[in-house]
Amino acid sequence: MKRIRYLTVRFDAEIQHYEIPAFRGAVVEKIGIEFPTFHNHLPDGQFLYRYPVIQYKQIGRNPAIICLEEGTDDIQQFFQQRTWDIRLGDRPLTLAVKNLRLHQYTLQAWEHTFRFTMHNWLALNETNYANYQATPDEINRLELLEKILTGNILSMAKGLDWRIDREVRVRILHCSPLRWLKFKGQLLAGFDLDFATNVFLPDWIGLGKGVSVGFGVVRRERQEHKRSNPPPQNEQNDEQPEAPPTHYDDEY
């Protein structure tokens with residue numbers, strides 16, 4: 001069991017999903033590079049391999065920042081800025097807080113399971129993609145994805161200094177067709193999921209690759225959000241513009 005501080009900050013502005021990396025870069029430029037929690041890089045420019053405690057999201061059409069643990073303290077560096085005017089590429093944007101919620105969450109593995117949805121999950125690295133393609137059977141493909149998702153949950157727990165005291169169980173209830181998503185200038189295999197796990201996860205937390213810039217976003221499933229007609233199982237290409245590159249790109 002692990003109790004964490006969890007802050008959701010939603011701003012009264014509009015962005016597109018592909019602009020989230022630019023939003024992150026603009027926030028970092030605003031406060032400076034002295035605080036690694038905002039960009040996961042050390043002062044010498046080397047990548048800081050840890051689960052991000054500040055994550056940049058799109059909630060509805062609004063830019064948002066999710067802060068965990070020490071990230072809830074460091075976000076004050078942004079709030080203390082004289083203005084919240086930023087630029088997303090060539091587009092100026094003035095931020096104002098639309099909603100701010102601070103919670104204490106108890107991360108815990110239970111006997112029973114909870115149901116979640118996850119959007120734009122970047123599940124497959126080069127090796128896993130080769131294994132996925134070499135597995136023609138849909139049941140075995142789902143089992144592979146369940147193992148990867150279990151690993152993502154364990155990585156998140158380790159990054160938050162939470163030692164899970166019982167077996168983590170994961171079952172994928174519905175998986176969208178594979179589609180290609182742009183990340184760091186490359187096309188990576190992505191999925192949308194409905195899944196069940198015995199680990200309680202806070203809304204908007206990220207799992208997998210790219211969680212600091214809006215990939216792998218988890219939400220507790222609401223009954224009215226259930227999908228009754230799954231799409232056919234074929235590959236899709238999710239074409240979208242790409243955000244301007246920033247200096248603060250990384251695996252998370």
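The values are calculated or read from the model by the stated rules, or taken from the named source; none is laboratory data. Computed from a predicted structure; not experimentally measured. Note that we place each Cβ from the backbone using ideal geometry, even for glycine, and neighbour counts take in every protein chain shown.
For the range 82-96, state whether one or more residues are polar (S, T, N, Q) and assigned by TED's automatic domain parsing to the domain that holds PRO63. It would help to see each step written out before you state the result.
Filtering the range 82-96 for residues polar (S, T, N, Q) gives 83, 94.
From what's left, assigned by TED's automatic domain parsing to the domain that holds PRO63: 83, 94.
Yes; the residues of the range 82-96 include at least one that is polar (S, T, N, Q) and assigned by TED's automatic domain parsing to the domain that holds PRO63.
Among the strands (runs of 3 or more DSSP E) confined wholly to the range 1-102, which include 3 or more residues that are basic (Lys, Arg) and within 30 Å of ALA157 (Cβ to Cβ)?
Here the list reads 2-11.
Since CYS67 meets every condition but one in (1) within 30 Å of ARG169 (Cβ to Cβ); (2) among the hydrophobic types (A, V, I, L, M, F, W, C); (3) free of Cβ contacts under 8 Å to residues at least 60 places away in the same chain, which condition does it not meet?
Condition (3) is where CYS67 drops out.
For the range 213-235, name all the residues that are part of a loop (DSSP other than H, G, I, E, B), modelled with pLDDT under 90 and not acidic (Asp, Glu).
ARG222, LYS226, ARG227, SER228, ASN229, PRO230, PRO231, PRO232, GLN233, ASN234
When THR150 is evaluated against the numbered criteria (1) more than 13 Å from VAL199 (Cβ to Cβ); (2) among the β-branched types (Val, Ile, Thr); (3) surrounded by 14 or more Cβ atoms within 10 Å (Cβ to Cβ), which criterion, by number, is the only one it fails?
(1)
When the residues of the range 107-147 are filtered to those that are more than 22 Å from the chain's Cα centre (by Cα) and of a type in the set (A, V, I, L, M, F, W, C), which remaining residue is surrounded by the fewest Cβ atoms within 10 Å (Cβ to Cβ)?
In this case the residue turns out to be ILE139.
Looking for whichever is at pLDDT 95 or above, within 25 Å of VAL170 (Cα to Cα) and not charged (D, E, K, R) here; the options are THR117, THR106. Which one fits?
Values: THR106 fails: at pLDDT 95 or above.
Testing whether each residue is at pLDDT 95 or above, within 25 Å of VAL170 (Cα to Cα) and not charged (D, E, K, R) leaves just THR117.
Got at least one residue in the range 178-199 being under 30 Å from TYR18 (Cβ atoms), in contact with a Cys (Cβ under 6 Å, 6 or more places away or on another chain) and assigned to a strand (DSSP E or B)?
There is at least one residue in the range 178-199 that is under 30 Å from TYR18 (Cβ atoms), in contact with a Cys (Cβ under 6 Å, 6 or more places away or on another chain) and assigned to a strand (DSSP E or B).
Taking into account only those residues within the range 158-176 that are outside any strand (DSSP E or B) and modelled with pLDDT of 95 or more, which is surrounded by the fewest Cβ atoms within 10 Å (Cβ to Cβ)?
To start, the set of residues in the range 158-176 that are outside any strand (DSSP E or B) comprises 158-169, 176.
Within this subset, residues satisfying the condition of being modelled with pLDDT of 95 or more are 167-169, 176.
Values: GLU167: 8, VAL168: 15, ARG169: 16, SER176: 18.
It comes out as GLU167.
Does GLY210 fit the bill of being over 17 Å from PHE114 (Cα atoms), modelled with pLDDT of 90 or more, of a type outside the set (A, V, I, L, M) and surrounded by 19 or more Cβ atoms within 10 Å (Cβ to Cβ)?
Working: over 17 Å from PHE114 (Cα atoms): yes; modelled with pLDDT of 90 or more: yes; of a type outside the set (A, V, I, L, M): yes; surrounded by 19 or more Cβ atoms within 10 Å (Cβ to Cβ): yes.
For GLY210, the condition - over 17 Å from PHE114 (Cα atoms), modelled with pLDDT of 90 or more, of a type outside the set (A, V, I, L, M) and surrounded by 19 or more Cβ atoms within 10 Å (Cβ to Cβ) - is met.
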